[in-house]
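See structure below.
The values are calculated or read from the model by the stated rules, or taken from the named source; none is laboratory data. None of the values given here were measured: they were computed from a predicted structure. Cβ sites come from the backbone with ideal geometry, for glycine too, and all protein chains shown count toward neighbours. In case anyone asks, the SASA skips ligands and DNA or RNA and just uses the protein heavy atoms, side chains included. Shrake-Rupley method; radii C 1.70, N 1.55, O 1.52, S 1.80 Å.
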Amino acid sequence: MSDIHILTGPPGSGKSSVLAHMAPDFRTVAEPARTVLAAQRAKGGRGTGDQDPALFVSLMLQQALGDQQTLHGVPGPVLCDRGLPDLLAYAAYWNLPDGAIRTAIAAMPRPQTVFWFPAWQAIYTQDAERTLDFHGSAAFGALVREAYESLGFSLVDVPLATVEGRAAFIRQRIGA
């Protein structure tokens, strides 16, 4: 199985920037939420958090499971922008059932490392898809952290540093 490492944390905490910086040297997996949102908006679909949260979470689960399948047998390390446990936070945020997510998590290979990117107001920005303010983002991040910890994951705190500094920290931790 692949050597999978997850980058997670509140929206706007720098995960995607670090992932993009590391992408030339690693296999990477994009954040399911952004992939789903782009596809839904391109076709005028309702599977977005502001229109149909249950459909949005279901589509993210499908996307994440598809991404997991593409990783089977891929030599690592692989860096993922979010993991299946993140979907528990989305379900909690919208008070949705999470049975299908928990079933998928139970069947997934355990990632080697879960890197936690803390909320960081100095770099936080909103955009067309990240509409929460900083405090809302931090609160959502608390749901994400709670989801991972409730499943027994140990999180490795990524320091507040430049993109290059954070990437170097991750490289050192995964031995790459």
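Answer yes if at least one residue in the stretch 149-164 is part of a loop (DSSP other than H, G, I, E, B), within 23 Å of ASP52 (Cβ to Cβ) and touching a residue at least 12 places away in the same chain (Cβ under 8 Å), and no otherwise.
No, the conditions are met nowhere in the stretch 149-164.
How about the stretch 133-161: which of its residues are open to solvent by less than 40 Å² (accessible area, probe 1.4 Å), of a type in the set (A, V, I, L, M) and more than 17 Å from LEU84 (Cβ to Cβ)?
Answer for the stretch 133-161, where residues must be open to solvent by less than 40 Å² (accessible area, probe 1.4 Å), of a type in the set (A, V, I, L, M) and more than 17 Å from LEU84 (Cβ to Cβ): ALA138, VAL156, VAL158, ALA161.
Look at the stretch 104-136 and say how many of its residues are among the polar types (S, T, N, Q) and at pLDDT 85 or above.
Filtering the stretch 104-136 down to residues among the polar types (S, T, N, Q) leaves 112-113, 121, 125-126, 131.
In the following step, the residues that additionally are at pLDDT 85 or above were identified as 112-113, 121, 125.
Total satisfying the criteria: 4.
Exactly one of (1) in contact with a Ser or Thr (Cβ under 7 Å, 6 or more places away or on another chain); (2) crowded, with 17+ Cβ neighbours inside 10 Å; (3) of a type in the set (Val, Ile, Thr) is unmet by THR35. Its number?
(1)
From ALA168, ALA100, which residue is assigned to a helix (DSSP H, G or I) and closer than 19 Å to ALA20 by Cβ?
ALA168
Within the stretch 91-102, does at least one residue satisfy the condition of being among the hydroxyl-bearing types (Ser, Thr, Tyr), within 13 Å of the chain's Cα centre (by Cα), under 17 Å from PRO32 (Cα atoms) and at pLDDT 95 or above?
No - not one qualifying residue is present in the stretch 91-102.
Sort out which residues of the stretch 77-113 are open to solvent by 40 Å² or more (accessible area, probe 1.4 Å), in contact (Cβ under 8 Å) with a residue 60 or more places away in the chain and within 25 Å of GLY14 (Cβ to Cβ), and write them in order of number.
Scanning the stretch 77-113 gives a single hit, GLN112.
Exactly one condition in (1) in contact with a helix residue (DSSP H, G or I) (Cβ under 8 Å, 6 or more places away or on another chain); (2) not in a loop (DSSP other than H, G, I, E, B) is not met by GLN121; state its number.
(2)
Quick check, is ALA64 closer than 27 Å to GLY136 by Cβ, open to solvent by less than 60 Å² (accessible area, probe 1.4 Å) and in contact with a Lys or Arg (Cβ under 9 Å, 6 or more places away or on another chain)? Lay out the reasoning, then the answer.
Details: closer than 27 Å to GLY136 by Cβ: yes; open to solvent by less than 60 Å² (accessible area, probe 1.4 Å): yes; in contact with a Lys or Arg (Cβ under 9 Å, 6 or more places away or on another chain): yes.
In short, yes.
Does the stretch 11-34 include one or more residues that are more than 26 Å from TYR124 (Cβ to Cβ) and without any contact (Cβ under 8 Å) to a residue 24 or more places away in the chain?
no
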